[in-house]
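Single-structure report; data block below.
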Amino acid sequence: MNEHERLIEQQIPRLRRYARALTGERAAADDLVQDTLERAWSKLHLWRHGSDMRAWLFTIMHNVFINQVRGRTPEQAVSLEDGALDLPDRATQTDELEIRDLDAALRRLPDEQREVLLLVALEQSSYEETAKALGIPIGTVMSRLSRARARLHRIMTGSPGAATLKVIK
Amino acid sequence: MNRLPVTESDLHAYVDSTLPQARGAEVETYLASHSEEAERVAAYRQQNAALHALFDPVLDEAVPERLRTRRARWMKPPLRYAAVVAWVALGGVVGWNLQAYTSAQRTEASTWARRAAIAHAIYSPEVRHPVEVGADQEAHLVNWLSKRLGAQLRAPHLGGIGYTLVGGRLLPGERGPVAQFMYQDAKGQRLTLYVRANADHARETYFQFAQENKVGVFYWFDRRLGYALSGEVDKDELLRAATAVHSQLNP
C-alpha cells in the first residue's frame, strides 16, 4: 500500500460517519463514500502533497453530495433556508427515543444547514475549514450553523418558532 | 477591563470549544448573567454530544469491502490502457531476444510471467465481467478451455487457503490460446492462474518468481502445461497459493 492509499484509507471511517449523519441511511451513505473515494482516486494528481488529506476528501464529498441532491426529483429536494417547515412533534421521553429523534430531526434540516452543523459539531472542523470544504464565506458558515442549531433545538424540544434569528456579528 | 461585546459567533465558538482561553472566560462571565443564552449554549453543547453518541459508533464499524478494495474497482482507465500498450509492445520485445536458444528460453519464460502479470492487471479489477464463464459452470469452463488449448486442464480448488474460483476466460497468447482462471478471497483479493500448453515437453521447471510493478508472479512448467499464478499479495502468500495449485495438479 503506498502513502496516498494509506492517507485516504485512514479517513474512510470519518467519511462514513459524516455520510451516515448526512444521509441518515447506511447504504446511501456508503454509496456517497464510494463515489467520493472514486473521485478522489481519479483526481489524486490534483492533491497537493503534504496538504490536509482529510479536508480535501471532505471537500470532494460535499461536491459529490450536492451533485446528488441536485439530481434528485424536486419533491425530494426540500432544501430551503429556514421556512415554515417545522412542525414539532412532541417533547421526548427517554434517551433512546431522543437519539432516534435526533436522527429524524436532522433529516428536517435543510441540506446546507445539516452539512455545516455536522462538519462543525460531529467532524469538529474549524469554521475556516468548514467554509473551505463547502466553498462558502465564513459568515455564511456562522449563519447556517446558528440556524441549524436553533432549528434542531426547536424540533427536538417541540417549542414552536422561538429563538429564530440572531444577528451575527 | 474593556471587553468586546459577546456575539452570536462567540457563543457558537464557545459551544465548540474553539475560543482562546481568555475570550472563553469572558463568554462565561457573560453567560452567568444571561440565563437564556446560557440555556441555549447548554442545549447546543448537548446537541454536539448527542451527535457523537449517535454517529461515533460508525467509526468502529468494519469498513465494507466495496470501500476498501481499490484494486477491485478503481484501477483507472489510463492504467488499463498502459497495460494494453505494454501487451502490444511485447511482440517487439520477444522478437529482439532470439539470439541464442538459452537466452531465448529464459526470455520466453520471463515473457510468459510478464504476460501473465499484464493479464492479471487487466482482468482482476473487473467488477462486472471478471470472467467469461463463471464458476457456476465449472465443468463447462474446464471442458471449453481444455478443448481450445488442446490439453486437459483442471481448475484447482483453493478453498483450503481461502480462495474460491470466480471463473475463467480464454486469451490470445504468443503461441496460441491461453486460459486464465480467477480466484477471489473473502476480502475480494484476486489471484489469477494463467495456463497454456507447453510445447517443449522436455522442459520442466521449479517455481520462479517475477515482479511486474505491484503484481507478483510465480511461474513454472510441467511436461504438458505452463502455469503462472499472479496476484497483488505478498510473496509468501502467493507462494502458499502456488504450492497449493502445484500440489493439486500434481497429486
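Mind checking the per residue accessible area of the range A:92-159 for me, 1.4 Å probe, whole number of Å²?
Result: 38 Å² per residue.
Suppose a student asked you for the relative contact order of the range A:1-73, using Cα pairs under 8 Å spaced at least 6 residues apart; what percent would you report?
30 percent
Accessible area of residue A:156, 1.4 Å probe, to the nearest 10 Å²?
40 Å²
What order do B:214, A:132 take when sorted by accessible area (1.4 Å probe), most exposed first?
Numbers: B:214 110, A:132 165 Å².
So, going from the largest accessible area down, we get A:132, B:214.
I'd like the interface area for chains B and A: accessible area of each alone minus the complex, both sides summed, 1.4 Å probe, protein heavy atoms only. What is it in Å² to the nearest 100?
Rounded to the nearest hundred, the buried surface is 3500 Å².
Any idea what the relative contact order of the range B:121-251 is, in percent, if you count C-alpha pairs under 8 Å spaced at least 6 apart?
Normalised by residue count, the contact order of the range B:121-251 is 19 percent.
Could you rank B:39, B:65 by how accessible they are, 1.4 Å probe, largest area first?
B:39, B:65
Let me check something: with ligands and nucleic acids excluded, how do B:35, B:146 order by accessible area (1.4 Å probe), largest to smallest?
On the way: B:35 85, B:146 10 Å².
Output order, biggest surface exposure first: B:35, B:146.
The values are calculated or read from the model by the stated rules, or taken from the named source; none is laboratory data. Given the structure is predicted, the values throughout are model-derived calculations rather than measurements. Remember, those area values only see protein heavy atoms, side chains included, never the ligands or the DNA or RNA. Shrake-Rupley method; radii C 1.70, N 1.55, O 1.52, S 1.80 Å.
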